[in-house]
1. I need every pair where a residue in the stretch 175-189 that is within 21 Å of PRO255 (Cβ to Cβ) has its Cβ under 8 Å from the Cβ of a residue that is assigned to a helix (DSSP H, G or I), sequence separation at least 6 or different chains.
2. Only one of these conditions is not met by GLY291: (1) over 28 Å from the mean Cα position of the chain (by Cα); (2) on the phi < 0 side of the Ramachandran plot. Which number is it?
3. So which residues in the stretch 118-135 are in a loop (DSSP other than H, G, I, E, B) and surrounded by fewer than 17 Cβ atoms within 10 Å (Cβ to Cβ), if there are any at all?
4. Between ARG71, ARG42, which is surrounded by 10 or more Cβ atoms within 10 Å (Cβ to Cβ), charged (D, E, K, R) and touching a residue at least 60 places away in the same chain (Cβ under 8 Å)?
5. Condition check: in contact with an Asp or Glu (Cβ under 8 Å, 6 or more places away or on another chain), under 30 Å from PHE211 (Cβ atoms), modelled with pLDDT of 95 or more and surrounded by 15 or more Cβ atoms within 10 Å (Cβ to Cβ). Does ALA325 satisfy that?
6. Just a yes or no: is a residue in the stretch 409-422 exposed (fewer than 13 other Cβ atoms within 10 Å of the Cβ) and touching a strand residue (DSSP E or B) at 6+ places or on another chain (Cβ under 7 Å)?
7. Enumerate the strands (runs of 3 or more DSSP E) found wholly within the stretch 360-449, keeping only those where 2 or more residues are free of Cβ contacts under 8 Å to residues at least 40 places away in the same chain.
Amino acid sequence: RRVVRPAEGEADEAEPYLAHTEGEVLVNSGEFDGLPAPEGGRRIVERLEAEGSGRPAVNFRIRDWGFSRQRYWGCPIPVVYCDVCGIVPVPDEQLPVLLPDIEDYKPKGRPPLAQAEEWVNVPCPACEAPARRETETMDTFVDSSWYFLRYCDPWNDEAPFERAAVDYWNPIDLYIGGVDHATVHMIYARFWMKVLNDLGLIGFREPFARFYSNGWVTLGNVKISKRAGNAIGPEQFVEMHGADACRLNILFLGPANEDMEWTESSIEGMARFVRRLWRVALEVCELAPEGEPVDDALARKAHATIAKVTDDVGRRFAFNTAIAAVMELVNELSRDTGGRSARFAAETAVSLLQPYAPHVTEELWERLGRSRLWTQPWPAADAALLEHETIEIAVQVNGKLRDRLHVPAGTSDDELIALALASERVRAHMNGDPRRTIVVPGRLVNVVV
């Protein structure tokens, strides 16, 4: 039986109500009918608690951590097994326990460390009777859960780190990794930080301020990996097209947070773009005059490209659209390689591509009469040159695009609404007066009917 409905209007009783919203209210809930769902839920639980029939609780998704591994690579577990004393921790003065040198790293039915008999057989730290070291090692997530703290105090030979140093640098501003990191490594790292915080060793409980999940590169819609057996080495493509084209291609395949399909045709297309950039830039070197750019269409395009690439990379991590914006600039530049703003536009394109294509851009930067591009600051857009005499406004009806308006920059909201309502394409989707209109300055008008 349905127990919630939208705040406004009714839902079809014959269909399951799945479009949950913040404003939904309770129905078929007796005296709680009409209450906002969150508040109604709290009151129902309070009633159950008062009657002794229930109480509020938080459910955690907790799972066991398989802490040890029958592998060589990992931290030795610092305990020994004594027939007299049982399990005995290695004393602090004997730490750290270092891995021994062995010849064969394969488990072969037992941990690789078991073959290092001289290392395994030691006297018990408590009674000095014969004892054996633990031969399994810690999961490598034990190391990766806190290694970034050591980076803050790497020369400390008395402790893993000083609290003042790690508190100054942490939490980490940005964590970039695949979705598998979010479900495995991040869980362990967060657990580790909470333990260290409970022990008073650090002053924060969350290790990462922000997480960005990158997608996978796929081949035939299957993730490229050694485990899948479909790994493709970059060497042959670098040999054929150069490292710059390969790097640009990976970033251009699609949004960085989505999976992307690898194709040989895409890298061939990117190699053609790199060659075109080279040709256009050399034409500029030959034809364009020296000096400051003028306020013309090409200069405005260059500044608009700087603004878009800066936002795409710095805020959105949208490398594919950032590269596409530079491609557009190169297209515009190719039509006027001898213009007064051509040199500025070429320098802009080269500078914006430098993080992805350092080899060709450094060469072109020198051809353009500059030096040491990697030491130059990131380009800054001139706000005055970002203003347009006219702008395009999308007009929507109930969120669906119905028309586009080209209006003078600075047109007021009231004027935009009037122009939108006067559009025949918009009126064709209206039945009477609109319930309300929403204006996003400089971008769109949404008519709600």
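The values are calculated or read from the model by the stated rules, or taken from the named source; none is laboratory data. Predicted model only: the values in this text are computed from it and were never measured. In this analysis, Cβ positions are derived from the backbone assuming ideal geometry, glycine residues included, and neighbour counts consider all displayed protein chains.
1. The qualifying pairs are TYR175/HIS181; TYR175/MET186; GLY177/HIS185; GLY177/MET186.
2. Only one criterion is unmet by GLY291, namely (2).
3. Hits for the stretch 118-135 are ALA126, CYS127, GLU128, ALA129.
4. Numbers: ARG42 fails: touching a residue at least 60 places away in the same chain (Cβ under 8 Å).
Result of the check over ARG71, ARG42: ARG71.
5. Working: in contact with an Asp or Glu (Cβ under 8 Å, 6 or more places away or on another chain): yes; under 30 Å from PHE211 (Cβ atoms): yes; modelled with pLDDT of 95 or more: yes; surrounded by 15 or more Cβ atoms within 10 Å (Cβ to Cβ): yes.
So ALA325 fits the description; yes.
6. Yes, the stretch 409-422 contains a residue that is exposed (fewer than 13 other Cβ atoms within 10 Å of the Cβ) and touching a strand residue (DSSP E or B) at 6+ places or on another chain (Cβ under 7 Å).
7. Strands (runs of 3 or more DSSP E) meeting the threshold: 390-397, 400-408, 436-440.
Here is a yes/no grid of residues against (1) assigned to a strand (DSSP E or B); (2) at pLDDT 95 or above; (3) within 13 Å of THR140 (Cβ to Cβ):
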position: TRP65; (1), (2), (3): no, no, yes
position: ARG71; (1), (2), (3): no, no, yes
position: GLY74; (1), (2), (3): no, no, yes
position: VAL80; (1), (2), (3): yes, yes, no
position: VAL88; (1), (2), (3): yes, yes, no
position: GLU93; (1), (2), (3): no, no, no
position: PRO96; (1), (2), (3): no, no, no
position: ILE102; (1), (2), (3): no, no, no
